[in-house]
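A short worksheet on the structure shown next.
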Amino acid sequence: MAFARVHLDESKCVTSGQCVLTAPEVFDQRETDGVGVVLTDSPAPELRDKVQEAAAGCPAAAIRLLHQPPDRWPAAD
């Protein structure tokens with residue numbers, strides 16, 4: 001099942017940068033503290049494999065791929 005949205009819990013991020021290395025079109029890091037940020041929470045279909053790889057490789061499990069409808073998404077950070 002394809003995911004509907006990417007969510008990164010900034011409070012869990014350990015600033016490893018693995019998400020940025022894996023999917024730089026979707027993730028970045030803040031210059032001030034290195035915490036990961038989502039550049040686009042609904043990436044293009046051709047980027048979804050990279051995003052799934054980034055989520056699986058996150059050492060802090062800070063990235064969630066949400067499958068529920070938009071009205072059930074958590075508030076954006």
V20 - accessible surface, heavy atoms, 1.4 Å probe, Å² rounded to 10: 30 Å²
Of all accessible heavy-atom area on the chain, the percent that carbon and sulfur account for (1.4 Å): 51 percent
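Compute the signed sum of charges (Lys and Arg +1, Asp and Glu -1) over the other residues within less than 14 Å, Cβ to Cβ, of T15. Display every interim value, and only then the final one.
Working: positive: K12, R30; negative: D9, E10, D28, E31, D33.
Once all neighbours under 14 Å are counted, the net charge is -3.
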Helix 48-57 axis, angle to the chain major axis (alpha carbon atoms, nearest 10°): 50 degrees
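The values are calculated or read from the model by the stated rules, or taken from the named source; none is laboratory data. Just so we're clear, the structure is a prediction, and the values are computed from it rather than from any experiment. No Cβ is skipped: glycine too gets one built from the backbone with ideal geometry, and neighbour counts run over all protein chains shown. For accessibility, only protein heavy atoms count, side chains too; no ligands or nucleic acids. Shrake-Rupley method; radii C 1.70, N 1.55, O 1.52, S 1.80 Å.
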